[in-house]
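Down below is the structure, laid out as structure tokens.
The values are calculated or read from the model by the stated rules, or taken from the named source; none is laboratory data. Please read these numbers as outputs of a predicted model, since none were measured by experiment. Reconstructed Cβ throughout: ideal geometry from the backbone, glycine too, with neighbour counts over all protein chains shown. Quick note on the areas: whole protein, heavy atoms, side chains included, nothing else; ligands and nucleic acids left out. Shrake-Rupley method; radii C 1.70, N 1.55, O 1.52, S 1.80 Å.
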Amino acid sequence: MRRLILLLLLPAAAVLALLPSSVMADSAKHTYTLEMEGPNFGAAANGDMATITGHVDFSVNPKSATGSGTFTHTASNGTVRGGGTWTANDLLDYQSYGCGIVFDIPLPPNFCGGKVKLDVTLTTHRGQLPATMTVICIIGPNPPDSAFSTHSEGVQLVIPGVINFNHSAGGDNVIIQTS
């Protein structure tokens with residue numbers, strides 16, 4: 001009987017050992033700080049750019065987010081079309097890329113990467129607008145290949161019915177695991 005149980009448990013243990021830690025950590029109760037001290041850029045199909053800075057504290061389980069920052073919408077010809085502040089309402093999703101390394105260069109073990117998708121409210125001189133903001137940080141041993149294409153480090157900002165900055169176009173951000 002013991003051999004049968006052992007034979008059944010060994011394959012399951014082997015599968016778990018092969019899974020990336022980011023897959024196994026999804027249900028963990030971790031908290032993080034997303035720092036965007038330098039500008040993060042998102043580009044729209046028409047060439048317009050969004051420039052975003054800010055700070056967000058978020059929790060994976062249960063999902064929550066608080067934070068704020070600034071944004072500027074610049075037309076492709078360089079004219080500033082608008083701007084204001086943004087406030088995080090909730091965490092929609094967090095896909096971890098892992099922690100402690102970027103391009104084989106060691107970093108502090110709590111410096112992490114991933115894709116943070118947030119429900120935000122934009123406040124302008126014309127009023128408030130709902131939006132979805134996605135920040136991408138390529139720290140970690142497991143960034144997907146797509147993190148190096150049109151969804152590179154930076155930000156994406158979707159403002160329904162207004163404009164879609166759906167290509168991240170560079171940025172300076174880090175996700176710090178706080179617990």
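Descriptive notes on the structure:
- Phi to ³J(HN,Hα) by Karplus 6.51 cos²θ - 1.76 cosθ + 1.60 over region 85-102, Hz, x for Gly, Pro: 10, 10, 10, 6, 9, 6, 7, 8, 6, 9, 10, 6, 9, x, 9, x, 7, 9
- Built amide H within the under 5 Å cut-off of residue 107, gap 5+: 101, 102
- Share of carbon and sulfur in the accessible heavy-atom surface of region 67-179 [1.4 Å probe, %]: 54 percent
- About the centre of its Cα atoms, region 46-179 shows a dipole size close to 300 debye [charges on the beta carbon of Lys, Arg (+1) and Asp, Glu (-1) only; nearest 20 debye].
- Radius 11 Å from Cβ of residue 66, net charge of other residues (Lys, Arg +1; Asp, Glu -1): -2
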